[in-house]
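The block underneath contains the structure these notes are about, expressed in structure tokens.
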Amino acid sequence: MKAILKTVPLLTCSLAILAWPLRAAEVTVFAAASLTDALKAIAANYQKQSGDKIAFNFGASSTLARQIEEGAPADIFFSADEAQMNRLERGNLIDPATRKNLLGNSLVVVVPGDSMLRIQSASDLTNADVKKIALADPRAVPAGVYARAWLEKLQLWPAVESKVIPTENVRAALAAVASGNVDAGIVYKTDAAISRNVRIAYAIPRAEGPDIRYPIALVKGSPQPGAAKKFLNYLSSEEAGQVFAQYGFLLRP
Amino acid sequence: MTAVEWQIVGFTICVAALSTVVILPVGLALAWALARGNWRGKSVVETFVTLPLVLPPVATGLILLKTFGKHGLGGFLQDKFHFQVIFTWRAVLLALSVMSLPLLVRSARSAFEEVNPRLEQIARTLGAGGWRVFFTISVPLAARGIVGGMLLAFARALGEFGATIMVAGYMPGKTATISLAIFENVQLGQDAHACRLLGVSVVLAFIAVWSSEFFLRRRKTS
């Protein structure tokens with residue numbers, strides 16, 4: 001009984017701590033993992049100017065779309081491909097009037113920093129010395145879907161498919177390459193730029209690769225629609241654009 | 001340790017503790033009913049309570065996701081009361097509570113079964129009502145088993161992964177617990193973060209086991 005009574009202060013303390021973050025108004029942005037570093041930098045600037053707090057949930061766009069479908073409290077969705085945004089629009093979960101393609105990107109083949117592997121074209125991925133290729137899950141995650149579309153277009157996918165190690169999101173594919181546990185990986189150019197432990201072995205020419213677009217939109221039933229709209233506009237501003245460009249993203253007019 | 005890591009550790013301990021407190025009344029009532037009662041459907045209830053212990057945690061998570069998701073009870077709660085469960089800290093609490101309840105019920109139940117019913121009957125003959133007997137005779141005599149069950153439940157809650165990732169996702173500062181953070185950090189190649197959290201887990205586990213031993217030994221001698 002004493003032991004039960006002892007838990008009462010613990011309960012009070014837990015409740016107090018848990019209730020605390022609920023008071024502060026903040027904008028919750030669900031964004032593709034590849035946007036992590038750029039968005040964090042932009043949000044830091046924005047928070048200083050506006051006083052609004054920006055909270056992020058980074059992950060594979062497909063995972064985030066699924067979370068929003070299940071009712072996760074999001075204000076803004078920033079996807080790495082149109083398929084995931086379309087899925088939410090079809091489900092009437094985003095405000096189509098606010099939807100626009102903000103950024104572009106391109107794919108690169110990366111290898112561990114100390115790797116001797118030379119990759120001069122897509123067909124080199126079928127060589128025997130490339131045994132494992134890390135890829136964001138090509139069945140759902142945008143980075144993997146793009147990579148697969150690229151290889152399918154070149155009719156190399158059947159030869160490469162068995163070498164693919166699917167990862168949860170593009171950053172996990174990058175990490176797998178950086179750790180040296182795989183021979184190569186296909187990630188966005190912007191991801192390769194932030195890691196010191198990988199080397200770009202082959203940059204996929206824009207004409208050869210898929211057209212990579214990052215759509216953004218306000219989520220319907222957003223808990224903070226006013227503040228969210230303001231941040232959404234800020235993301236299209238020149239100031240934010242400069243940061244995106246710094247991280248290697250292409251700005252779409 | 002960074003501020004984010006401290007937040008994750010604090011959050012995990014608090015939600016795990018809160019879940020133990022939340023399941024206590026339910027757990028004790030169930031344990032008592034299963035230990036003393038003899039009613040229709042008892043074995044069915046018993047099986048249902050034990051299910052989360054046997055089912056893969058991810059499967060339990062899926063059941064919770066569907067039940068409390070937008071197309072289930074969660075949609076109703078959200079429309080009527082603007083009360084969000086899935087992918088908030090409440091989902092973490094829900095997952096931890098469901099996953100740790102069987103441990104509390106099982107050990108409290110056997111503790112209640114070991115209490116000599118004669119003592120309860122004597123208290124009744126002396127004029128004590130049902131609630132009074134429960135709180136002054138049964139619970140104190142079963143206290144060791146109950147506290148043991150609470151510690152087990154708390155420890156289980158601290159390490160819960162499968163159900164939590166399904167219903168709450170990994171959102172640092174919102175739903176991230178130590179287990180989720182270790183997994184995500186390793187995925188993203190941030191092994192240093194993961195190892196610091198691993199260290200915290202070891203320390204927490206040590207304290208939990210050590211204090212339960214200490215507590216149980218003291219009760220024995222007193």
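The values are calculated or read from the model by the stated rules, or taken from the named source; none is laboratory data. Given the structure is predicted, the values throughout are model-derived calculations rather than measurements. We place every Cβ from the backbone using ideal geometry, glycine too, and count neighbours over all the protein chains shown.
Here are the numbers for the structure shown:
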quantity	calculated
Whichever residue in the range A:61-97 is of a type in the set (D, E, K, R) and not in a loop (DSSP other than H, G, I, E, B) and, among such residues, is nearest to the other protein chains (Cβ to nearest Cβ)	A:GLU69
Filtered residue count, the range B:118-137, keeping only those that are buried (at least 17 other Cβ atoms within 10 Å of the Cβ) and either away from chain A (no Cβ under 14 Å) or closer than 30 Å to B:ALA205 by Cα (or both)	2
Qualifying residues in the range B:71-95 (those that are more than 10 Å from chain A (Cβ to nearest Cβ) and of a type outside the set (D, E, K, R)) - the one farthest from B:PHE11 (Cα to Cα)	B:PHE76
Boolean, B:ARG144 is of a type in the set (D, E, K, R) and within 10 Å of chain A (Cβ to nearest Cβ)	yes
A:THR98 vs. criteria surrounded by fewer than 22 Cβ atoms within 10 Å (Cβ to Cβ) and in the same structural domain as A:TYR234 (by TED's automatic domain parsing)	yes
Residue among A:VAL182, A:VAL170 that is at pLDDT below 95 and among the β-branched types (Val, Ile, Thr)	A:VAL182
Selection status of B:LEU152, within 17 Å of B:VAL26 (Cα to Cα) and surrounded by fewer than 23 Cβ atoms within 10 Å (Cβ to Cβ)	yes
Pairs where the first residue, in the range B:25-43, is over 17 Å from B:PHE134 (Cα atoms) and the second is assigned to a helix (DSSP H, G or I), C-beta under 9 Å, 6+ apart	B:TRP39/B:ALA33; B:TRP39/B:VAL45; B:LYS42/B:ALA33; B:LYS42/B:LEU34
Filtered residues of the range A:221-242 (kept if touching a strand residue (DSSP E or B) at 6+ places or on another chain (Cβ under 9 Å), among the charged types (D, E, K, R) and surrounded by fewer than 17 Cβ atoms within 10 Å (Cβ to Cβ))	A:LYS230
Residue that is nearest to the other protein chains (Cβ to nearest Cβ), among those in the range B:1-41 that are among the charged types (D, E, K, R) and touching a helix residue (DSSP H, G or I) at 6+ places or on another chain (Cβ under 9 Å)	B:GLU5
Counted residues, the range B:199-210 - those being surrounded by 15 or more Cβ atoms within 10 Å (Cβ to Cβ) and among the hydrophobic types (A, V, I, L, M, F, W, C)	3
Helices (runs of 4 or more DSSP H) contained in the range A:187-253 and holding at least 3 residues more than 25 Å from A:ILE68 (Cα to Cα)	A:189-194, A:238-246
